[in-house]
1. I'd like the full set of residues that are in contact with a strand residue (DSSP E or B) (Cβ under 6 Å, 6 or more places away or on another chain) and surrounded by fewer than 24 Cβ atoms within 10 Å (Cβ to Cβ), limited to segment B:168-190.
2. Given the condition in a helix (DSSP H, G or I) and more than 30 Å from A:Leu85 (Cβ to Cβ), answer yes or no: does some residue in segment A:269-282 qualify?
3. For segment A:151-167, give me the residue count where each residue is surrounded by fewer than 19 Cβ atoms within 10 Å (Cβ to Cβ) and under 24 Å from the mean Cα position of the chain (by Cα).
4. Pairs, please: C-beta under 6 Å, at least 6 apart or cross-chain, first residue more than 12 Å from A:Ala112 (Cα to Cα) and without any contact (Cβ under 8 Å) to a residue 12 or more places away in the chain and in segment A:165-193, second surrounded by 20 or more Cβ atoms within 10 Å (Cβ to Cβ) and among the aliphatic types (A, V, I, L, M)?
5. Can you pull out the strands (runs of 3 or more DSSP E) entirely within segment B:177-269 that have at least 1 residues that are in contact (Cβ under 8 Å) with a residue 60 or more places away in the chain and more than 22 Å from B:Val280 (Cβ to Cβ)?
6. Take B:Gly74 and decide whether it is within 13 Å of another protein chain (Cβ to nearest Cβ) and either part of a helix (DSSP H, G or I) or in contact with a His (Cβ under 8 Å, 6 or more places away or on another chain) (or both).
7. Please work out which one of (1) closer than 30 Å to B:Phe88 by Cα; (2) in a helix (DSSP H, G or I); (3) of a type in the set (S, T, N, Q) is the condition A:Asn230 fails and give its number.
8. Among the residues of segment B:100-117, which ones are more than 14 Å from chain A (Cβ to nearest Cβ), touching a residue at least 12 places away in the same chain (Cβ under 8 Å) and of a type outside the set (D, E, K, R)?
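Any read-out appearing in this document is the output of simple, stated calculations on the displayed coordinates, not a laboratory observation. Here the structure is a predicted model, which is why all the values come from computation and not from measurement. With ideal geometry, Cβ positions are generated from the backbone for all residues, glycine too; neighbour counts draw on all protein chains shown.
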Amino acid sequence: MSVKAAPRPDEPHAAPAPDKLKAAPKPDNLVAAVVRRVLFYTLLTLVAAFFALPLLWLVFTPFDRHPSLSVKLPEFTLDNFRVLLDSPYALSSLKNSVLIAGGAMVMVVVFAALAAYALSRVRIPGRDALLYGLLLLSSIVTGTAAMVPIFLLMFQLNLIDSRTGVSLVLAGGLLPAAIFILKDFMDATPRSYEESARVFGASPLQVLRHIVLPIARPGLATIAVWALVNAWGDFLIAFILLRDPDKSPAGVVMYTFYTEGGQANLPLISAFSLLYAIPVVAMYLFVSRRYGFRFHGGIKG
Amino acid sequence: MASIEMQGLTKTYPGGVTAVDGLDLTIADGEFFALLGPSGCGKTTLLRTIAGLERATSGTLLLGGRDVTTATPGKRDVAMVFQDYALFPHMNVQDNIAYPLRIQKMALGERRAKALETARGLGLEELMDRRPGQLSGGQQQRVALARAIAYRPQAFLFDEPLSNLDARLRLEARTFLKRLQGELGVTTVFVTHDQAEALAMADRMAVMEAGHIRQVGTPSDIFHRPVNVFVANFIGSTPMNLLPATVAVGADGAHLMLGAVRLPVPALAAGLLHDDGEEVVLGFRPEYTDLSTEVRPNSLSGPVVVVENLGATALVSVETEVQIVQAVVPQGDEPGIGEPAWVTPQHARALVYRKADGLLVAKDKENGRSVEPAAGPQTEPVPT
């Protein structure tokens, strides 16, 4: 503070300047501040530990000679992965997961992009009501509640025990929210961009390919990752709709890793969990680097 | 290059709003034509209808003699520059300029070369790798122009291309655009709400109001002989003085009475006012108003209330018996606030409008331009 303002006459008990306070804090305040700070960081550490422990288990246990449910530094071995390779369904289930989740992701991105574009550009009565209705129904009437009708529907369509069927159901569940989010991205693209392209002779499909999709690309990338993660982590739909273990995705196969005694087969489960997690994390990192959407803060550098 | 011809062109929006109402207009080949009007007058709708972005409800539109009333935008061979320029943010300048050529399926190397050639003509060759977001407003405008030029269209359509520039840049862009249009010789339709812009740039212009064209003519015609009160009010950087008056016919001919002040009938309306007591509007521009600080007969008088400095001139407002009247005087000659002043319209420049229909009182031959009724279907005789 370079300028010292004289206390105004109507404020006879004006507070002392803040720099004075800082220079000579009262000892009581100091102790209270330190205690507060210690408590705060202790709490933060506990919370962090609560969330970090499962992750540490996931990273350490697969390499442990004697895996257990506790987190400890491993006696290093790759035996668990060798056992995993011998398991008949482990690797094929990862392939199934890629097919099912990838299929669902492609369907969600393609159909959501087209639907969101159309809904953003065409004026039809009740458009917003339709969107909100879709979103509401899809988020409230979730997969579990709708499982019986979905099963019957798939049965009639002859899509029981088919990976295509699982992809379709997953995509159907994700589409409303995806359309809703993407429509916002499409709305943000000024109409004049498209009109400009149209005056130069671009067809509607060219407008979509050259102008609308490139501009909405961060949105499409977000939707792609979100759809993939959701479909990758699905258990229930694949569990109910698939019969043949050869077609089961990783989420379902992991459920079958038990020892003869009915105990969870920890060596197998831990190693498999790590393999199961890696593709999703890798995909997130790739998309995040490529398209630069950040989940932490919105300040432009 | 092509002429643009509209016959009975009407655009009614689904809500029932008629934005363009039975328009007849011909824009000659190579002409720089301005569509001027206040916001909501239908000028932008008309431009978009020419571009094909709006489908005409009825009427015919001919481009270079070809009927394009129902053609899609891409088949009309016109290029449009939008108010926000509509540059594609994910493409660099080069790809933006080359975009029309990409649609025409020109090979990549060839269209890049053409884009560079066009950009050179506009001084953009240094900026080819930039994204539109990295350009200034003036540069963005030139890129949008370059993209339109690269398309080699039959006609350019500009939708307020100068309104996003700051005042100084706008003047430069005005000169630049006019020169460019002259060099290219491409028919250009230009939409603006700024009358100074239209007067400065256009070869001919149309003043629109509520979906109708009120007057078509050269900027000079429209400035000196606005056909009705609306146009008179709209044109001119300082608003025209419009004063209510009544016609008084005596033994010595007709005069105009403004309150108790008696003024001669202006030259243009001389011999045309015969009805004693008819209500008219006397219009005269501040530029064509004589101001005196000494007593003068047959003039409006009152104290000076405001003096605005316009640079080389000053705009003086005088509170006369009738209403405030403004006059432009050379810098240095302006009276002080509160001083009495006497103002008289210049006899040769003043205009008289009939109060009943708002139309200019002038012999049609002398006027030489269309005088159309203010209401009812518009039939616009087109000067050639």
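1. Looking only at segment B:168-190, we keep the residues that are in contact with a strand residue (DSSP E or B) (Cβ under 6 Å, 6 or more places away or on another chain), and these are B:181, B:186-190.
Correct list: B:Gln181, B:Val186.
2. Scanning segment A:269-282 turns up no residue that is in a helix (DSSP H, G or I) and more than 30 Å from A:Leu85 (Cβ to Cβ).
3. Our first condition is that a residue be surrounded by fewer than 19 Cβ atoms within 10 Å (Cβ to Cβ); within segment A:151-167, this holds for A:151-153, A:155-162, A:164.
From the residues that got through so far, the ones that are under 24 Å from the mean Cα position of the chain (by Cα) too are A:164.
So the count comes out to 1.
4. A:Ser192/B:Ala86
5. Values: elements: B:187-192, B:204-209, B:212-217, B:241-250, B:253-258, B:261-264.
In segment B:177-269, B:187-192, B:204-209, B:212-217 are the strands (runs of 3 or more DSSP E) which contain 1 or more residues that are in contact (Cβ under 8 Å) with a residue 60 or more places away in the chain and more than 22 Å from B:Val280 (Cβ to Cβ).
6. Values: within 13 Å of another protein chain (Cβ to nearest Cβ): yes; either part of a helix (DSSP H, G or I) or in contact with a His (Cβ under 8 Å, 6 or more places away or on another chain) (or both): yes.
Yes: the conditions hold for B:Gly74.
7. Of everything listed in (1) closer than 30 Å to B:Phe88 by Cα; (2) in a helix (DSSP H, G or I); (3) of a type in the set (S, T, N, Q), A:Asn230 misses just condition (1).
8. B:Leu116, the sole residue that qualifies.
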